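The values are calculated or read from the model by the stated rules, or taken from the named source; none is laboratory data. For clarity, every value in this text was computed on a predicted model and none was experimentally measured. Cβ coordinates were reconstructed from backbone atoms using ideal geometry, including for glycine residues, and neighbour counts include every protein chain displayed.
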Amino acid sequence: MKFKILTICSSILLGTISHADTKTYHLEFDKDTYKTEHVHVDGKDIEVRAYTNIVYVKHPADIKYEVINIYIPEQYFKNDSINGYNANTAPIFFQNNIGGYMPATPATLIQQGPPMGPRSGKNINTPSTLAYAIAQGYVAVSPGARGRTDRYGKAPAAIVDLKAAVRYLKYNDQVMPGDANKIISNGTSAGGAMSALLGATGDNKDYIPYLNKLGAAQTSDKIFAVSSYCPITNLDHADMAYEWQLNQIHDYKKMNISMLDYKVERKLVPGVLNSHEIKVSNDLKNAFPQYLNTLKLYDKEGKLLTLDSMGNGSFKNLIKDYLIRSAQSAIDNGKDLSSYEWIKKDGKKVVDINFNGYLEYLGRAKTPPAFDALDLSSGENEEFGNLQHDKQHFTSYALANNQAKTNSMADKKIIKMMNPMNYLNDSGVSQYWRIRHGAYDKDTSLAIPTILAIRLENKNKKVDFALPWGVPHSGDYDLNELFSWVNQISRL
Ligand code: DHB
């Protein structure tokens with residue numbers, strides 16, 4: 001593949017918007033105010049109308065982030081078609097740039113720096129995922145959203161902002177090329193979590209007071225489909241899941257996600273769990289089977305997935321099956337996995353995986369509790385803060401075992417609103433889901449995306465779920481497969 005992108009020709013320059021602003025914005029899409037840009041991907045040259053930094057609510061809390069970039073192929077203004085799509089039928093690819101629960105500005109046609117740069121595996125200044133989406137004939141959009149480091153960006157601000165952006169697109173469906181009934185959300189990590197939450201909570205009333213406060217368009221916020229890479233989700237149960245999986249691994253290389261010049265910087269700090277951390281790990285590990293069993297998840301044969309008090313059982317075997325499938329497909333695609341003696345093979349067929357061997361290979365990236373830190377030091381603690389307390393707990397375990405100077409718990413309702421698992425019974429859930437979590441990803445337990453995928457399947461949603469071999473915590477690494485899934489569901 002040849003990558004090249006040129007961004008040229010500004011026909012109309014939009015004025016830059018100041019950070020604090022008290023004016024009321026209008027929600028009507030202005031078709032005539034745009035810049036012309038060009039996407040050069042795979043030998044194609046596609047002229048694009050770029051509508052950038054459009055405020056998507058009437059009364060924004062923060063106009064640095066509550067803005068959306070919309071890119072539309074010029075051909076759609078000339079009754080032309082691309083890849084079988086036209087102005088009425090083109091899916092809208094909705095890419096959020098959220099990482100680390102930090103504030104996010106909208107993505108552009110060119111790959112920006114961290115957080116999305118390193119995590120997407122794309123080099124800075126090469127075509128972004130949005131550029132590839134344009135080459136598929138999609139209308140490519142990216143909303144910004146508030147995040148944890150801003151006083152007014154705490155939960156549930158990010159999901160409220162994404163919903164408001166969806167509403168802006170729906171409100172303008174008649175005047176804007178692209179089909180707002182075919183919005184496909186995509187995100188990675190915290191952005192993958194937000195993508196899943198967006199797909200789980202369509203039109204849910206819990207979010208309406210927040211949307212009304214911002215002056216979001218009075219339309220639906222239900223989306224068509226979800227693509228979610230390595231979602232850091234189900235945060236109120238992710239600590240247990242992490243220790244269920246990694247309890248026996250005491251060496252760690254911990255990721256410190258700190259903020260540097262509005263970028264997420266990731267540093268690796270090595271260490272070994274101390275005796276208190278081991279106790280915390282044991283407590284959390286022991287609590288996980290009860291949570292898992294109360295979910296009442298079923299496999300494809302209709303058999304209940306369970307764990308015994310030791311943490312073994314059919315749910316663990318199912319995760320092993322996904323890993324076996326992952327290793328098998330790597331081998332089928334020519335990868336040599338013979339150095340991993342914990343993969344049991346019969347010829348070229350993977351017959352078993354020694355789970356403990358896999359865990360040694362994977363390693364640990366977080367100390368217990370992985371998300372709700374006892375000293376309130378995690379990014380998630382900051383995400384669940386409020387105007388009084390910058391950082392708060394969101395699990396009863398961490399609250400009871402607090403080691404920070406302050407000790408307060410996030411509002412129960414807000415904790416509920418950040419977890420897609422709480423909404424999957426509802427009518428606003430998207431029908432189509434694609435969930436990927438790399439088999440070399442140790443930012444959250446494999447159980448977390450698996451629980452989400454299985455619950456969705458049990459609710460009769462169409463779910464494409466896999467743990468791609470050797471892939472670390474990242475997203476957008478398989479755009480050909482992603483887009484063939486988008487094309488398939490969009491043409492049904
Ligand atoms: C991200 C990674 C994490 O490990 C985490 O706890 C939260 C967010 C991220 O990359 O977005």
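Taken residue by residue, the stretch 143-157 has at least one member that is crowded, with 24+ Cβ neighbours inside 10 Å and within 24 Å of P73 (Cβ to Cβ).
Would you check if there is a residue in the stretch 149-157 being under 21 Å from the mean Cα position of the chain (by Cα) and among the basic types (K, R)? Yes: one or more hits.
Filtered by the rule that a residue be within 15 Å of the ligand (Cβ to nearest atom) and assigned to a helix (DSSP H, G or I), the stretch 350-406 gives L362, G379, E380, N381, E382, E383, A398.
For the stretch 73-127, how many residues meet the condition of being of a type outside the set (A, V, I, L, M), within 13 Å of the ligand (Cβ to nearest atom) and either modelled with pLDDT of 90 or more or touching a helix residue (DSSP H, G or I) at 6+ places or on another chain (Cβ under 8 Å) (or both)? Write out each step before concluding.
Going residue by residue through the stretch 73-127, those that are of a type outside the set (A, V, I, L, M) are 73-81, 83-86, 88-89, 91, 93-97, 99-101, 103, 105-106, 108, 111-115, 117-123, 125-127.
Then keep just the ones that are within 13 Å of the ligand (Cβ to nearest atom); that gives 96-97, 99-101, 103, 114-115, 117-120.
With the extra rule that they be either modelled with pLDDT of 90 or more or touching a helix residue (DSSP H, G or I) at 6+ places or on another chain (Cβ under 8 Å) (or both), the set shrinks to 96-97, 99-101, 103, 120.
Count: 7.
A residue that is out of contact with any Phe, Trp or Tyr (no Cβ under 7 Å at 6 or more places or on another chain), assigned to a helix (DSSP H, G or I), within 16 Å of the ligand (Cβ to nearest atom) and farther than 20 Å from V57 by Cα can be found somewhere in the stretch 180-194. Taken together, the residues in the stretch 197-228 that are among the hydroxyl-bearing types (S, T, Y) and closer than 24 Å to I454 by Cα amount to 3.
In the set (1) buried (at least 21 other Cβ atoms within 10 Å of the Cβ); (2) within 12 Å of D372 (Cβ to Cβ), S430 fails one condition alone, (2). Within the stretch 416-427, restricting attention to residues that are touching a Lys or Arg at 6+ places or on another chain (Cβ under 9 Å) and part of a loop (DSSP other than H, G, I, E, B), which residue is surrounded by the most Cβ atoms within 10 Å (Cβ to Cβ)? Going through the qualifying residues, I end up with L424. Scan the stretch 435-473 for residues that are touching a Phe, Trp or Tyr at 6+ places or on another chain (Cβ under 7 Å) and on the phi > 0 side of the Ramachandran plot and jot them down. Of everything in the stretch 435-473, just one residue is touching a Phe, Trp or Tyr at 6+ places or on another chain (Cβ under 7 Å) and on the phi > 0 side of the Ramachandran plot, namely G470. Taking the stretch 217-244 as the range and being among the β-branched types (V, I, T), assigned to a loop (DSSP other than H, G, I, E, B) and more than 16 Å from the ligand (Cβ to nearest atom) as the test, the residues that pass are T219, I223.
Restricting to the stretch 332-345, name every residue that is outside any loop (DSSP other than H, G, I, E, B) and under 18 Å from G357 (Cα atoms).
First pass over the stretch 332-345, keeping only residues outside any loop (DSSP other than H, G, I, E, B): 332, 343-345.
Those that are outside any loop (DSSP other than H, G, I, E, B) and under 18 Å from G357 (Cα atoms): I343, K344, K345.
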